[in-house]
Amino acid sequence: MRKNLSQLLTSLLFFLFPTIFFIEMGMAQNRTIPVKVGVVLDTNTWLGKMGLSCISMALSDFYASHGHYKTRLVLEIRDSKRDVVGAAAAALDLLQNEEVQAIIGPASSMQANFVIGLGDKAHVPIISFSATSPSLSSLRSRYFVRATLNDSAQVSAIRAIVQAFGWRQVVLIYVDNEYGNGVIPYLTDALQEIDTRISYRSAIHPLATDDQILEELYKLMTMPTRVFIVHILTPLGPRLFTRANEIGMMEEGYVWILTDGLADILSTLDPSVIDSMQGVLGVKPHVPRSKELESFKIRWKRKIQQEYPTNESFELNIFGLWAYDAASGLAMAVEKLGPTNFSFQKSNTHRNSTDLDTVGVSQIGPSLLQSLLSTRFKGLSGHFQIFNRQLRSSAFQVVNVIGKGERGVGFWTPVNGTVRKLHSTSKANLGTIVWPGESPSVPKGWVLPTNKKKMRIGVPVTKGFGEFVKVTRDPSTNETEVTGFSIAVFDAVMAALPYAVPYEYSPFQTPDGDPAGDYNDLIYQVYLQKYDAVVGDTTILANRSLYVDFTLPYTESGVSMIVPIVDRRRKNAWVFLKPLTRDLWVTTSCFFVFIGFVIWVLEHRVNKDFRGPRSHQVGTIFWFSFSTLVFAQKERIVNNLARFVVIIWLFVVLILTQSYTASLTSMLTVQQLNPTITDINELIKKGERVGCQHASFVHEFLIKWMKFDESKLVIYESPEELDELFSKGGIAAAFDEIPYMKIFLAKYCSKYTAVGPTYKFDGFGFVFPKGSPLVADVSREVLNVTEGAKMLQFEKAWFGQTPSCPELTNSVSSNSMGLNSFWGLFLIAGVASFVALITCITTFLYENRDALINLNSPSSIWRKIKAMVTRFDDKDLRSHTFRESDQLQDKRHQSHGCSYTNFPPSPSSLLIPTHNNSAFFGEQGTPSSGHADPVGPNRPMSPHIMFEYELANINNE
């Protein structure tokens, strides 16, 4: 029996020992390292409850799928009690007593502002999934990590919406705390980039009562701006829209744009609040759909209903997803560190130390921070990536509150801007939006003040130039009618606007019907808010733009001078000299003489027409050159080089004469409309009286800028009065703007003209108050009207058919032609002449090169030069012209039966005289009679013998 019992025990131990061993080994392997992490949230709020549930589910899901991890986060939860001090006290308790390695929370930006400092002191990362204020910049603390989007990330999306609909003024409504004030500078800068002005900032206290909210809303109703950007959290946001709906601010014409603080929780709001927000637009971060997200929503819904069965309004939003991803990211970052020393280094305290002095420093804080910043994974809210210590933004969704909830109408991405579909690059803007009041049309964003049913538009009252603005009163009905070119243009512009703007014209006049002031006084009434606009012939000036805004001009403008014109054709005896300038006259005359000289040089030795007495040759030079002016030259040209020069010179003369004729004809025609005065300085110097229009800025312009004496200025009010002043000699000139000048010259173009420089101004424009949203829209339509056919119809209707009058010019230009127009012709003629002249001289020197030999002394050089000149003055006996002349003369002698030797020798039969010192040549180059020919009769000299003979004569002299 005992033996059997011992065997049984032995067998049992044999089987139990391995089992116990493996159990011990498994427990050793499953032994983990706990890491304390603090959680500071408002546990009594919906955001706190949702955050806690998501954080706990995140850790459960994370370690369930990563059971082999060595670290485990242990949550130490503290309630911040919805108070800044409570949040700071909770964080201090976690750091002192629990020595947590990280803190998740707190919920609000104001609480985070204090907790961040504690984390920086203890080197403990503070991870917030809901503190979105831009003022909590991570640059202020190394250990603050924003696991949520910065509020400034959505500013670009809001700006894109405002720009897409062209709103020029907006009102900012925000909660007056850290959360609300933080985004205002970013919104202001973003809207200024698209020229949108913030007309008012409405800061509402977080604890404002309903009466205070109503008071602020009533103030907004009295303003013309109807675009409101709301940056408020619950519970203030739902109360604001409930009150706005009660007083009629959710009707047609209003625009409400929500930031993500309220747009993210639209699904959690009470149905009565949603009914008060119909037509509201919102911007919120886009969360991509996934199976994991849908599964988590179902599990979270089941869990939250088990924990809070009495509350059925709980809905999961983006902050819960960010809390889930933040906890998962922290667990992953801690695991990356592995087993390490998760402890605090205690600080040295003394007797008078405070609680803050007792806070230790985490040993793994810097490493944990770097591990968290480098953690990247795909979470429930999208890609989890910390950039610059905050969550990197990707896309925003634009939603529209319709019916019982929200409907997506588009997206905004940093790359593509506003698009209808997320992965589309087409600029199709947004989908169909239902605006407040169930209006399908886009609100214009502004309205007239509530105390005005129509815009009151001031118009000037003048006695002259009624083509622009004309005010008439019907005696039977006592009604005032305003017409004119400016009125027609403005009516067309307002009719083209995409929205209706009621207005009425109000003449700026006294009860007697006289003008109540000048144009400056009228425009100043807009600044005083007595008129909503001014329509008329109002010139855009810099000093006026200090008080009002102008639209783009609808007419050209500028100030110029009007003077009478006279006919001076019979009074100018020297008009024939004016077609050419003085330098051209001098150049042409010099070239005439030069060309004549060149032709004489080329023709002198071979052409008897260019020989004879010296006075005859000089006369031939001038006669030949100037006779080419009328192509009357009779001298025959035999030298080919001379023919080449003459052909080019005749072409130059032809161009000059034709241009002179055309210029003189044109000048005589222009002279018929010659102005009496062309220089403004001449008016000032002579003290002439000049005219300017009544109530025009030209009066001040002439005094301040042109330095005219005010006593010399004469005022006129109509074209007829101006014509009378000119006719009676009351003024020498008048200054006015181009639109008025065109009307005046259309009536009196045969008597007056516009001269002098045109001083540029910006033209006529419509006047609106400073910052008026109408300016941009009206300016755009002004361009459409002025570029189309309507403008021509208006001009024809009010100005009539413009007669054939001289065009307005900046100055009376001269018709004289200068040397700049013909220097090319003179260059060609000069080069050709010089080439021909140099060729002729070079050829002559080459043929007589034997005369340049034996230069024994300086005196011999001068003698040889004189000999060369004498040689050049002689005929070239080899020329065919002289040979033909000799043959003709011999035939004539033989026909008379006379012996050749009984006649004087011909030019071609020069004989060598008996004595070298007694030879004389006549004018034609023949030797004098009475000298024998030692060589033989009729034997011509060689060039060498002739040069020796001429040199001997020079020595004898």
Is it the case, given these coordinates, that Phe768 is part of a strand (DSSP E or B) and not β-branched (Val, Ile, Thr)? yes
Scanning region 45-93 for residues that are touching a strand residue (DSSP E or B) at 6+ places or on another chain (Cβ under 6 Å) and assigned to a strand (DSSP E or B), which turns out surrounded by the fewest Cβ atoms within 10 Å (Cβ to Cβ)? Val74
Helices (runs of 4 or more DSSP H) completely within region 243-346 that count 1 or more residues being in contact with an Asp or Glu (Cβ under 6 Å, 6 or more places away or on another chain): 318-337
(1) without any contact (Cβ under 8 Å) to a residue 60 or more places away in the chain; (2) touching a Lys or Arg at 6+ places or on another chain (Cβ under 7 Å); (3) surrounded by fewer than 21 Cβ atoms within 10 Å (Cβ to Cβ) all hold for Tyr186 apart from (2)
Within region 534-550, tally of residues that are part of a loop (DSSP other than H, G, I, E, B), modelled with pLDDT under 95 and either β-branched (Val, Ile, Thr) or closer than 18 Å to Phe799 by Cβ (or both): 4
Pairing a residue in region 541-570 that is farther than 19 Å from Gly765 by Cα with any residue that is at pLDDT 85 or above and among the charged types (D, E, K, R), where Cβ atoms lie under 8 Å and the two sit 6 or more apart in sequence or on different chains, gives Ser560/Asp736; Ile562/Asp736; Pro564/Lys751; Ile565/Lys751
Listed by first then second residue, the pairs whose first member lies in region 77-94 and is on the phi > 0 side of the Ramachandran plot, whose partner is charged (D, E, K, R), with beta carbons under 6 Å and at least 6 positions apart or on separate chains, are Arg82/Asp42
Answer from Ala112, Ala131, Ala157, Ala122 - the residue that is surrounded by 24 or more Cβ atoms within 10 Å (Cβ to Cβ), touching a residue at least 60 places away in the same chain (Cβ under 8 Å) and over 35 Å from the mean Cα position of the chain (by Cα): Ala122
Among the residues of region 616-668, write down those that are of a type in the set (S, T, N, Q) and closer than 15 Å to Gly596 by Cβ. Gln617, Thr620, Ser625, Ser627, Thr628, Gln633, Asn639
Hits in region 605-655 - residues which are touching a Leu at 6+ places or on another chain (Cβ under 8 Å), surrounded by 14 or more Cβ atoms within 10 Å (Cβ to Cβ) and not β-branched (Val, Ile, Thr): Asn639, Leu641, Ala642
Among the listed residues Gly756, Gly730, identify the single one that is over 27 Å from Gly458 (Cβ atoms) and more than 37 Å from the chain's Cα centre (by Cα). Gly730
I'd like to know if region 557-579 contains one or more residues that are more than 20 Å from Ile738 (Cβ to Cβ), at pLDDT 90 or above and part of a helix (DSSP H, G or I). no
For residues that are over 22 Å from Leu774 (Cα atoms) and at pLDDT below 85, scanning just region 434-470, find the one that is surrounded by the most Cβ atoms within 10 Å (Cβ to Cβ). Gly464
Output for region 297-318, where each listed residue is within 29 Å of Gln370 (Cα to Cα) and either among the aliphatic types (A, V, I, L, M) or at pLDDT 90 or above (or both): Ile318
Ala488 closer than 30 Å to Asn784 by Cα, in contact with a helix residue (DSSP H, G or I) (Cβ under 6 Å, 6 or more places away or on another chain) and buried (at least 17 other Cβ atoms within 10 Å of the Cβ): yes
Can you confirm whether region 163-182 contains a residue that is of a type in the set (Ser, Thr, Tyr) and free of Cβ contacts under 8 Å to residues at least 40 places away in the same chain? no
Tally up the residues in region 776-785 that are at pLDDT 90 or above and surrounded by 18 or more Cβ atoms within 10 Å (Cβ to Cβ), please. 5
Tell me, which strands (runs of 3 or more DSSP E) lie completely within region 381-424 with 3 or more residues that are within 32 Å of the chain's Cα centre (by Cα)? 405-413, 417-419
Out of the helices (runs of 4 or more DSSP H) lying entirely within region 129-232, which hold 2 or more residues that are modelled with pLDDT under 90 and of a type in the set (Gly, Ala, Ser)? 178-193
Any idea which of Ile715, Ile738, Ile743 is modelled with pLDDT of 85 or more and touching a helix residue (DSSP H, G or I) at 6+ places or on another chain (Cβ under 7 Å)? Ile743
Selection within region 815-829 - part of a helix (DSSP H, G or I) and either touching a strand residue (DSSP E or B) at 6+ places or on another chain (Cβ under 7 Å) or buried (at least 16 other Cβ atoms within 10 Å of the Cβ) (or both): Leu819, Leu825, Phe826, Ala829
I'd like to verify a number: residues in region 722-746 that are out of contact with any Lys or Arg (no Cβ under 8 Å at 6 or more places or on another chain) and buried (at least 17 other Cβ atoms within 10 Å of the Cβ), how many? 15
Filter result for Ile703 (free of Cβ contacts under 8 Å to residues at least 40 places away in the same chain, assigned to a strand (DSSP E or B), aliphatic (A, V, I, L, M) and not assigned by TED's automatic domain parsing to the domain that holds Asp537): no
With respect to Gly431, determine if the residue is without any contact (Cβ under 8 Å) to a residue 40 or more places away in the chain, surrounded by fewer than 19 Cβ atoms within 10 Å (Cβ to Cβ) and under 30 Å from Val170 (Cα atoms). yes
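The values are calculated or read from the model by the stated rules, or taken from the named source; none is laboratory data. Predicted, not measured: the structure shown is a model, and the values here were computed from it. Here the Cβ is made from the backbone with ideal geometry for all residues, glycine too, and neighbour counts use every protein chain on show.
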